[in-house]
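Visitor: The structure under discussion is supplied below as structure tokens; questions concerning it will follow.
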């Protein structure tokens, strides 16, 4: 199961979550949209901090949080619910002593799915990487987001369930070109306000690296400049992400690796970490060599020793 639920008091963004002017701006806008009745959609490349920001916003809202991680395994039963068995019971009639009657009654047993529970109870749902779930499964969200109602196939259930007014949704997704991502229907995207997070500003990136690794500001500044220069020269927006910068900082710190354009070990570490984000995209050897050249050139520019 790729779905987790907990009270918002127990799901918190990391205590050292950095609030820069960039993050504050995103958060303030997101809360305005949510308080106006619209779900929000944080869209951007892997590693830019979409999920962390989603939890930060959800904690600001203050409701119980339900976290759903999109995947092909999610189905209608996970989200809405389904029948889980049959309950049988008997009614005996022996009012007339000489006549004995027995009637068997069977009822299907229904179990609410997590999303349905959230709709009833007024939770804040974080649907992380929702485009990894097949589009036809996500169609159930259309009436939830637009009409604020949901159709439940209970036996003899003749009315739609109205959504709890405290119910909120925060979506995150990667770009459509990512492997394992389904194109989201326009009808669903039209029902949410999308905030693009293709990149964060330099101050935020540097602050995140420091807070997540405890590395010095001087080294964090070099890593930030290195990653941003590499990113500038690569068309793939997922390349040299903040996640890669954090990895590099942690490896440098734990391995006591000197950041120097003449240190071959450092260059190889940079190649391994920066290229990791693209391994799944089927790079050819030539393409990888081209990326390594970009990395090496950036190292020479940023770390040239005086």
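Visitor: Just give me the residues in the stretch 35-52 being part of a strand (DSSP E or B) and either under 9 Å from the mean Cα position of the chain (by Cα) or under 15 Å from residue 22 (Cα atoms) (or both), in sequence order.
Guide: Of everything in the stretch 35-52, just one residue is part of a strand (DSSP E or B) and either under 9 Å from the mean Cα position of the chain (by Cα) or under 15 Å from residue 22 (Cα atoms) (or both), namely 42.
Visitor: Here's something else I'd like to know. Out of all the residues in the stretch 218-254, which are more than 14 Å from residue 208 (Cα to Cα) and not in a helix (DSSP H, G or I)?
Guide: Answer for the stretch 218-254, where residues must be more than 14 Å from residue 208 (Cα to Cα) and not in a helix (DSSP H, G or I): 233, 234, 235, 236, 237, 238, 239, 240.
Visitor: Another one. If I filter the stretch 249-304 down to residues being farther than 21 Å from residue 231 by Cβ and in contact (Cβ under 8 Å) with a residue 24 or more places away in the chain, which single residue comes out as surrounded by the fewest Cβ atoms within 10 Å (Cβ to Cβ)?
Guide: Across the stretch 249-304, the extreme among qualifying residues is 262.
Matching residues to (1) in a loop (DSSP other than H, G, I, E, B); (2) modelled with pLDDT of 85 or more; (3) under 30 Å from residue 196 (Cβ atoms):
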| residue | (1), (2), (3) |
| --- | --- |
| 24 | no, yes, yes |
| 30 | no, yes, yes |
| 54 | no, yes, yes |
| 58 | no, yes, yes |
| 63 | yes, yes, yes |
| 77 | no, yes, no |
| 110 | no, no, no |
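Visitor: Before we move on, is residue 257 in a loop (DSSP other than H, G, I, E, B) and either touching a helix residue (DSSP H, G or I) at 6+ places or on another chain (Cβ under 8 Å) or not assigned by TED's automatic domain parsing to the domain that holds residue 171 (or both)?
Guide: Yes: the conditions hold for residue 257.
Visitor: Looking at (1) modelled with pLDDT of 85 or more; (2) within 16 Å of the chain's Cα centre (by Cα), can you tell me which one residue 11 breaks?
Guide: Among (1) modelled with pLDDT of 85 or more; (2) within 16 Å of the chain's Cα centre (by Cα), residue 11 violates only (1).
Visitor: Answer yes or no: is there a residue in the stretch 133-153 that is assigned to a loop (DSSP other than H, G, I, E, B) and at pLDDT below 75.
Guide: Yes.
Visitor: Counting only residues that are more than 21 Å from the chain's Cα centre (by Cα) and touching a residue at least 40 places away in the same chain (Cβ under 8 Å), which one in the stretch 212-226 is farthest from residue 45 (Cα to Cα)? Before you say what the answer is, go through the steps one by one.
Guide: Step one: filter the stretch 212-226 for residues more than 21 Å from the chain's Cα centre (by Cα), giving 213-226.
Going one step further and asking which of them are touching a residue at least 40 places away in the same chain (Cβ under 8 Å), we end up with 213, 219, 222, 225-226.
Details: 213: 21, 219: 24, 222: 22, 225: 19, 226: 18 Å.
This residue is 219.
Visitor: Next question, about the same structure. Take residue 83 and decide whether it is at pLDDT below 90, outside any strand (DSSP E or B) and surrounded by fewer than 19 Cβ atoms within 10 Å (Cβ to Cβ).
Guide: Values: at pLDDT below 90: yes; outside any strand (DSSP E or B): no; surrounded by fewer than 19 Cβ atoms within 10 Å (Cβ to Cβ): yes.
For residue 83, the condition - at pLDDT below 90, outside any strand (DSSP E or B) and surrounded by fewer than 19 Cβ atoms within 10 Å (Cβ to Cβ) - is not met.
Visitor: Tell me, yes or no, whether the stretch 215-225 has at least one residue that is surrounded by fewer than 17 Cβ atoms within 10 Å (Cβ to Cβ), at pLDDT 90 or above, in contact with a helix residue (DSSP H, G or I) (Cβ under 9 Å, 6 or more places away or on another chain) and within 28 Å of residue 30 (Cα to Cα).
Guide: no
The values are calculated or read from the model by the stated rules, or taken from the named source; none is laboratory data. In this text the structure is predicted, and so the values were computed from the model without any measurement. When we count neighbours, we look across all protein chains shown, and the Cβ atoms used for this are built from the backbone with ideal geometry, even at glycine.
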